[in-house]
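Worksheet: the structure to be examined is printed underneath.
Nothing in this text is a laboratory measurement; each read-out follows from the coordinates by a stated rule. Here the structure is a predicted model, which is why all the values come from computation and not from measurement. When we count neighbours, we look across all protein chains shown, and the Cβ atoms used for this are built from the backbone with ideal geometry, even at glycine.
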Amino acid sequence: MIPAPPAHIPAERVVDVDIYRLPGAEHGPHAAWSGLRDAIPLSPLWTARNGGHWIVMRGVQIGEIYADHVRFSSRITIVPRDWGECFPLKPTTLDPPAHGPYRRFLTDALSPGLVRAAVPVVRRLAGAAAERVRARGQCDAIADFAVHVPGPLFLALAGLPVEDAAALPRYAEDPARGDGDTPAVPVMQRYADYLRTRLLERGQRPPGADLLGGLLAPSPDGRRLTLDEAVDVAVALMTGGIDTVIAQLGYMLVFLARHPAQRHRLVDEPGLLRPAVAEMLRRFPLMTKARLVREDVALGGVTLRAGEMVVLPPLESLDPDLFTEPMKVDFDRVPGRHAAFGNGVHRCPGAALASVELEAALHEWLARIPDFELDPERPPRMRSGILNAMLGAGLRWHPASTRRVQTGA
Ligand code: HEM
């Protein structure tokens, strides 16, 4: 039974939307969210699902809320709120000023030096994964390619055994999913257990320049993280940096499989990869995060009351008021600010790393497999949720059209 909406919610704002089962999301969560926005010209809307929450449909409003930690708290960033309250991860669920000191460890860890060091590792990992499937003529974009990049990369950068990647849980494929909803907690707990053991081992050696060593070293102002805090920050890094990149690579490969002219442009002009990745990040935003309303706020003709939850779908960069023909992928589009990496104090500290990972991985794929298409027998499997995930997509090609490239070259 879905509870009745609270009395102060106007009837015309009430929709029956479960963000974890958005109708049509299996064919593409972005079109499904955009369709809902176009069908009901009001924002915010209210749904009684997942504990009851507002859903903000307009790009400008979404950008403003991400940027406004004063009125919209990150204390709970997941609906239903009891899931969000289960795992108060630092620094994702902290607001300023508590957020700042932890955030500094993140930005130090994801330094420009680390991003530079990541490029050859990504090229080696992605090159080896593409080489493994090249002669087969078919593969699954996620299981056979995308999963082989960000997980092992994270472990390599953290100074951990790359073989551990196979045993790590996938946030997007939580085995605890019983009824289709995704309590993120069990997966995060498994990440935490793994990282606690590795941090304890890492603590036996002198702090170094690797990701985990950096979390154990004092910050420039002399502050040290406790073991629990270091585990939290490491979990934030790992949950933030693996399934996101996997899903994003999946969307990009599926787009390129469907659009040969744009794919050929990238093969012929590899210099175009950087703006193309930025444009595909805009067109296929992943996150549906939430915020807790701290004080009564007037928004779009209604009042959001203190204590209510507000959900931010991946619609900012798909808003026709902000982008011309937003559903069109245009590699020549003049870059503008978009919300793929969020906004405000929690804006993704891994944005630069993610961008170079995606660029280098696509480069390696296209160098070996420049001509590919979707396999009609195994269409893309997508899902709406906190992460609007790409779970799998069959690709196929003629082996004769591929090129052998030395891995790591
Ligand atoms: C395509 C890939 C990625 C996307 C789309 C993405 C998206 C986002 C978004 C939207 C946020 C803001 C969440 C909020 O405001 O509640 C965020 C935060 C975060 N991301 Fe990413 N991310 C990506 C890759 C990465 C990578 C590679 C890392 C690190 C290895 C990372 C680590 C984090 C962390 C630690 C936070 C929390 C920051 C804080 O709370 O201050 N992300 N990400």
Practice prompt. Put one equal scatterer on each alpha carbon of the stretch 315-409, apply the Debye formula with no solvent term, and list log10 I(q)/I(0) at q = 0.18 1/Å to two decimals.
Written response: -1.23
Discussion item. Along the charge dipole of the chain, pointing to its positive end and built from +1/-1 on Cβ of Lys, Arg, Asp and Glu, which listed residue (ALA257, VAL119, ALA166) has its Cα farthest out?
Written reply: VAL119
Worksheet item: Modelled label-to-label distance, VAL60 and ALA4, 7 Å Cα→beta-carbon offset: nm?
Response: 3.5 nm
Discussion item. Can you give me the long-range amide H partners of ILE242? Hydrogens built in the peptide plane at 1.01 Å from N, cutoff under 5 Å, separation of 5 or more residues or another chain.
Written reply: none
Practice prompt. Mind pulling the per residue volume of the convex hull built on the Cα atoms of the stretch 11-401? Å³ is fine.
Written response: 135 Å³
Item to complete: Run the quick spin-label model on ARG136 and THR107: label points 7 Å from Cα toward the beta carbon, then report their separation in nm to one decimal.
Response: 4.2 nm
Worksheet item: FRET efficiency for ASP16 and VAL334, Cβ-Cβ distance as r, R0 = 41 Å, nearest 0.05?
Response: 0.60
Discussion item. If R₀ is 22 angstrom, what is the calculated FRET efficiency for the pair ARG396 and HIS264, using the beta carbon separation as r and rounding to 0.05?
Written reply: 0.80
Response to the item:
Expected max-MSF residue from VAL345, VAL297, VAL231 in the GNM of the chain (alpha carbon, under 10 Å) is VAL297
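Which helices of the chain meet both criteria: a Cα extent of 20 Å or more along the helical axis and a mean Kyte-Doolittle score no lower than -1.0, with helices taken as whole DSSP H segments?
112-134, 185-203, 227-241, 243-258, 351-368
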Item to complete: Using a cut-off of under 20 Å, list every residue of the stretch 106-140 whose amide N is near the label point 7 Å from the Cα of SER219 along the Cα-to-beta-carbon line.
Response: 106-115
Worksheet item: Got a sec to turn the phi values of the stretch 303-319 into Karplus ³J(HN,Hα) couplings, 6.51 cos²θ - 1.76 cosθ + 1.60 with θ = phi - 60°, whole Hz, x for Gly and Pro?
Response: 10, 8, 8, 3, x, 7, 9, 10, 9, 10, x, x, 10, 4, 7, 10, 8
Worksheet item: If amide H atoms are built 1.01 Å from N in the plane of the peptide, which residues on other chains or at least 5 residues away come under 5 Å of the amide H of LEU168?
Response: none
Worksheet item: Using modelled amide H (1.01 Å from N, peptide plane; none on Pro or chain starts), what sits under 5 Å from the amide H of THR92, excluding residues fewer than 5 places away?
Response: none
Worksheet item: What residues from the stretch 384-407 fall in the zone where the backbone N is under 17 Å from a label point 7 Å along the Cα-to-C-beta line of ILE40?
Response: 385
Worksheet entry | Derived scalar couplings ³J(HN,Hα) [the stretch 72-82; Karplus, 6.51 cos²θ - 1.76 cosθ + 1.60; whole Hz; x for Gly, Pro] | 10, 8, 8, 4, 10, 10, 9, 9, x, 4, 5
